Amino acid sequence: MNGTRRIVVAAADELGLEGQVSAHFGHSPAVVVVVVADGKIVESTVVVTPAAGSVHQCGMPTFIARQNADVVVAGGMGPGAIQALAGAGIVVATGATGRVRDAVAKYLQGDLGGSATCGSGHGGHGCQGHGH
């Protein structure tokens, strides 16, 4: 991948590149905004999400769009969030695990891509019927 891209990774903590990818996008207490130029990480910033301290946050797609994301990487994501992000022109890559740095590397290598939904009943919450 050439050029500059902003990859936003849903994080389970606020440890930045060394932190863990969140298993569920909507429950992420933070994201790591990673700027990649010519296939290399040149900058990363931790941003606390609106989901921090809440059970589930249905406004995460809007929050991600405000980070000027080109791509969002997460462990899992519901269908409503995937649709909202895709509608905003943001590429979604789910199935990420482990460290944020490693998930970005896998995405850049083409080993992480596509978006499988976790389903509206994931974790028994269903986002109060919103389906994400």
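For segment 16-26, which positions are in contact (Cβ under 8 Å) with a residue 60 or more places away in the chain and either of a type outside the set (A, V, I, L, M, F, W, C) or farther than 21 Å from I82 by Cβ (or both)?
If the condition is that a residue be in contact (Cβ under 8 Å) with a residue 60 or more places away in the chain and either of a type outside the set (A, V, I, L, M, F, W, C) or farther than 21 Å from I82 by Cβ (or both), then G16, L17, E18, G19, Q20, H24, G26 are the ones that fit.
Please pick out the residue among P61, P50 that is in a helix (DSSP H, G or I) and either surrounded by fewer than 17 Cβ atoms within 10 Å (Cβ to Cβ) or modelled with pLDDT under 90 (or both).
Only one candidate qualifies: P61.
Restricting segment 1-21 to residues that are outside any strand (DSSP E or B) and modelled with pLDDT under 95, which is surrounded by the fewest Cβ atoms within 10 Å (Cβ to Cβ)?
N2
Please determine, by comparing only the residues of segment 86-95 that are over 13 Å from I7 (Cα atoms) and among the aliphatic types (A, V, I, L, M), which one is farthest from the chain's Cα centre (by Cα).
A88
The values are calculated or read from the model by the stated rules, or taken from the named source; none is laboratory data. Note that the structure is a prediction, hence the values are computed from the model and not measured. Neighbour counts run over all protein chains shown; Cβ positions are idealised from the backbone, glycine included.
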